[in-house]
Amino acid sequence: MNILKRKISLLAVVAVCLLIGTVFCDATVYLETWDSGTSGWQIKSEFEGAAEGTLANSSGYLSISASPGSAVLTDIIFADSSADGSLIETHFSTQAIFFTFYSNMDPTYLYAYVKGTNVSGGDILWLNELSSTAGSKYVQLGYDSGNGWENMLAASTLADWTETLTKFDEVGIAIWYPGDAGQEYGIDNFTIDAMIPEPETWLMLGFALLSITITFRQQINEAVVKVRSDT
């Protein structure tokens with residue numbers, strides 16, 4: 001009898017793990033690993049002019065090289081919806097970005113960057129300041145208005161983000177270069193993923209767990225009855 005219970009419990013654990021894995025593994029919205037080329041990523045200056053830096057694929061990550069000299073200039077490195085149509089999403093509050101960032105010196109500032117469109121068709125530009133120390137760092141940042149995002153345009157408000165944002169047009173990072181030559185930066189494994197499952201997902205998971213519990217409980221009860229009748 002104990003062996004039967006253990007077997008059923010093990011099957012239940014396996015089923016739950018498979019179910020949770022399915023829920024979360026299907027949550028990825030966008031993933032770029034730079035296996036080849038620069039894969040639709042672009043670079044532009046803060047003021048839409050010529051970029052100071054250049055992009056290249058460096059053995060499987062996106063490298064950014066810049067030598068601005070004495071000036072402190074800003075570039076935005078981004079993918080847009082032409083790189084992957086799945087950047088156009090509507091459930092922003094349940095998503096997050098994940099990526100690894102490399103640098104051979106401290107950038108003056110480093111920001112996560114989002115350009116979106118609101119319901120009236122206007123642009124919404126947002127930045128979120130990240131740690132700007134040299135070396136390698138892993139970034140995980142939620143796409144919700146209470147998570148440090150600040151608007152770059154006076155016309156953008158928190159209401160634009162939480163209520164009227166209709167799609168992402170561009171996502172990436174913004175680098176304020178220090179006034180030095182020979183700057184090298186890199187991005188790898190840039191991912192937009194589900195940070196927190198949506199309410200419907202939790203309901204589906206809860207219903208599935210309840211169904212599994214009822215099913216295995218019935219099997220245990222039937223096994224107990226059978227064992228008792230045999231003895």
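Okay, residues lined up against (1) in the same structural domain as Leu110 (by TED's automatic domain parsing); (2) among the small types (Gly, Ala, Ser); (3) at pLDDT 85 or above; (4) at positive phi:
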residue: Trp161; (1), (2), (3), (4): yes, no, no, no
residue: Ala174; (1), (2), (3), (4): yes, yes, yes, no
residue: Tyr177; (1), (2), (3), (4): yes, no, yes, no
residue: Gly186; (1), (2), (3), (4): yes, yes, yes, no
residue: Ile192; (1), (2), (3), (4): yes, no, yes, no
residue: Ala208; (1), (2), (3), (4): no, yes, no, no
residue: Ala223; (1), (2), (3), (4): no, yes, no, no
What number of residues within the stretch 163-180 are under 19 Å from the mean Cα position of the chain (by Cα) and not aliphatic (A, V, I, L, M)? 6
Give the residues of the stretch 161-178 that are touching a residue at least 24 places away in the same chain (Cβ under 8 Å) and out of contact with any Leu (no Cβ under 9 Å at 6 or more places or on another chain), sorted by residue number. Trp161, Thr162, Thr164, Leu165, Thr166, Gly172, Pro178
Among residues of the stretch 118-159 being assigned to a loop (DSSP other than H, G, I, E, B), modelled with pLDDT under 90 and of a type in the set (A, V, I, L, M), the residue surrounded by the fewest Cβ atoms within 10 Å (Cβ to Cβ) is Ala154
Just for the stretch 179-194: of the residues that are of a type in the set (Gly, Ala, Ser) and in contact with a strand residue (DSSP E or B) (Cβ under 8 Å, 6 or more places away or on another chain), which one is nearest to Leu55 (Cα to Cα)? Gly186
Just the residues that are over 29 Å from the mean Cα position of the chain (by Cα) and modelled with pLDDT of 90 or more, please, taken from the stretch 64-80. Ser67
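The values are calculated or read from the model by the stated rules, or taken from the named source; none is laboratory data. Quick caveat: nothing in here was measured; it's all calculated off a predicted structure. No Cβ is skipped: glycine too gets one built from the backbone with ideal geometry, and neighbour counts run over all protein chains shown.
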